[in-house]
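Since the structure comes first, as structure tokens, the remarks are kept for the end.
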Amino acid sequence: MRATSIDAYQLLHKGAEALARAEWQGMRVDVEYCERSKKKLTYRIERVESLFNDSELGQLWQHAYGGKYNPRSDRQLGHILYDKLALKPPHKTESGEGSTDEEALRSLGIPELEYRIKCSKLYKIRDTYLDAFVREQRDGIIHPFFNLHLVKSYRSSSDSPNFQNIPEHDEEAKRICQRAIYPRPGHKFINADFSQLEVSISACYNKDPRLLEYLFNPNSDMHTDMAKYLFKLVSLDKSLREDAWLRFSAKNAFVFAEFYGSYYEDCAKEIARHLQLPSSGKWKKGKGVLLPDGGHISDHMISKGISRYIDFEEHVRRAEKDLWEHRFPVYAEWRKQWYKDYEKRGYFDLLTGFRCQGFYKRNEAINLPIQGSAFHCLLWTFIRVDEIMREEKWDSRLVGEVHDDMILDVHPDEQEHVEKTIQHVVSNELPEAWSWIAAPLRIDIKSGDIDGSLYTIK
DNA sequence: GGAACTCGCCAC
DNA sequence: AAACGTGGCGAGTTCC
């Protein structure tokens, strides 16, 4: 890829400078806390690991490997489970070996494997995150790098330490890791993230009227609508925990998967996994996740005539057809034409002024411009906020970025002004600078406590 | 003893 | 034919 305009070149040049200033600023690490937590984790690991070692499976493994026994080795575990005990692997890895990931171990139904799963999670927190924070900090400050020259899709990446993969979804991992990072004394973190940025950007490329309608109407919600179709529901209230889960499945295992180029067989399998229903054979009553009325999803699906997995797969096939033929036909046509044009010309152009030339697989050619341009919106905003920050001599600082999300270390007295400035840049300056932006861009701002860690942001 | 590989898992 | 896109990184393992 290369920049095809001065503006595009400037975006990367100024972006690199603005990100370098954020790197220079850095974030405080509570080193003492990290060391305490690492010790605690080590104790917990020892305890859980010894429970595993004493279990039947642990004993068998130790006898098989003797002095070479290593409870952290996936390969040894795979050999014990799938060769020695001749269990059937629930699924295989890329290279065709029996998988030993969490899901595979779970579905084997061997209780002591829960100890092994727990240990892996604790090791991950200790060795990937806390270790890196301590190793990378200088005088109590980490300076994560934000790179603009490494990623195929012209997003950014981060390393040393990687600020872009700090746990967010696993509550325990999130708490332990995010409590290590602090703003400057007397300051607080704020988090400004674009809501559904990639969907908005895809609409800028495909101009699908139905997609734009969803984006312009804040009361509509395509994931709720899709969930109703997929699960044959008359109504769905996403404020209810059970319904929210169905919406989550429709969104991530179907809508986004399809948008990224997946197909109905894989989507059906993934949705079944979300629902905790088998991906083969007949579906029995009283199985799977619960519905708000207290019943099981399997009962509901059976009552709607879907009593076998293959019936469900067929239903998802219809949903896929419905998605592309009725809901978003213009989007579907754009994908077809976009790839056809790329095959003919050997390159494609991003709306942000970059030309991508070379070999791209179909899904890459379709996804890359969307991912890239979405990140470029973040970068443009980051540069502009950085510029205003310096012009107006803020005490507040930009400190990081996670693809569609900016992190600032702000002085409480400036918070209101900082937030207003960001909103102004996104809703006024950015659409004015880039007239191709055809969908509304919204940014949500969350705030941490004064002297509070990343974990306090909400 | 380091490079390169696989596997698994964290993020968007 | 492929079949969900983009990364970083740690541990274990194998190759040279």
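Miscellaneous remarks
- Pairwise Cα inverse-distance average, inverted: Kirkwood Rh of the range A:228-316 (Å): 13.0 Å
- Of the trypsin sites (Lys or Arg not before Pro) in the range A:252-308, the ones in a loop by DSSP (not H, G, I, E or B) with at most 13 other beta carbons within 10 Å are A:Lys285, A:Lys304.
- The range A:318-458 - charge dipole about Cα centre, Lys and Arg +1 at Cβ, Asp and Glu -1, debye rounded to 20: 1160 debye
- The range A:347-431: GluC sites (Glu not before Pro) in DSSP coil with no more than 13 other Cβ atoms inside 10 Å: A:Glu392
- Here the alpha carbons of the range A:264-357 define both size measures, Rg and Dmax, at 19.3, 56 Å.
- Share of pairwise Cα separations in chain A, more than 42 Å, in percent: 25 percent
- Separation between Cα centres of the range A:168-222 and the range A:48-82, rounded to whole Å: 42 Å
- Links that overshoot a 29 Å alpha carbon limit, given the list A:Lys39/A:Lys84; A:Lys152/A:Lys251; A:Lys92/A:Lys251; A:Lys228/A:Lys269; A:Lys39/A:Lys174: A:Lys39/A:Lys84
- For the range A:289-308, backbone nitrogen atoms closer than 19 Å to the point 7 Å from A:Val234 Cα along Cα-to-C-beta are found at A:291-306.
- Overall dimensions of the range A:63-103, expressed as equivalent-ellipsoid semi-axes from the Cα gyration tensor (√(5λ), whole Å, largest first), are 19, 11, 8.
- Candidates per trypsin sites (Lys or Arg not before Pro) in the range A:387-435, loop by DSSP, up to 16 other Cβ within 10 Å: A:Lys393
- On the basis of the beta-carbon distance and an R0 of 22 Å, A:Asp170 and A:Ile450 show a calculated FRET efficiency of 0.25.
- Residue-count net charge about A:Gly186 - beta-carbon cut-off 11 Å; Lys, Arg +1, Asp, Glu -1: -2
- Each Lys or Arg adds one and each Asp or Glu takes one away; over the other residues whose Cβ falls under 12 Å from the Cβ of A:Asp404, this sums to -3.
- Based on alpha-carbon atoms, the Kirkwood radius and the radius of gyration of the range A:182-227 give Rg/Rh equal to 1.25.
- Cβ-based exposure ranking for A:Leu236, A:Leu150, in which fewest neighbours within 10 Å come first: A:Leu150, A:Leu236
- Entries in A:Lys282/A:Lys361; A:Lys232/A:Lys285; A:Lys207/A:Lys321 that, when Cα-Cα distance is taken, lie over 25 Å: A:Lys282/A:Lys361
- Percent of C-alpha pairs per 5 Å bin, the range A:1-128, short to long: 2, 9, 14, 15, 12, 8, 6, 7, 8, 8, 6, 3, 1, 0
- With neighbour counts taken as other beta-carbon atoms within 10 Å, the residues A:His91, A:His274 rank, fewest first, as A:His91, A:His274.
- For chain A, calculated [θ]222 nm from helices alone, where every DSSP H run of n ≥ 4 adds -39500 (n - 2.57): -15000 deg cm²/dmol
- Within the shell defined by Cβ-Cβ distances under 14 Å, the residues around A:Tyr33 carry a net charge of +3, with Lys and Arg each +1 and Asp and Glu each -1.
- Least to most buried among A:His326, A:His424 (fewest other Cβ within 10 Å first): A:His326, A:His424
Each reported figure results from applying straightforward, stated rules to the coordinates on display, with no laboratory input. All figures in this text were calculated on a predicted structure; none of them were measured in a lab. Note that we place each Cβ from the backbone using ideal geometry, even for glycine, and neighbour counts take in every protein chain shown.
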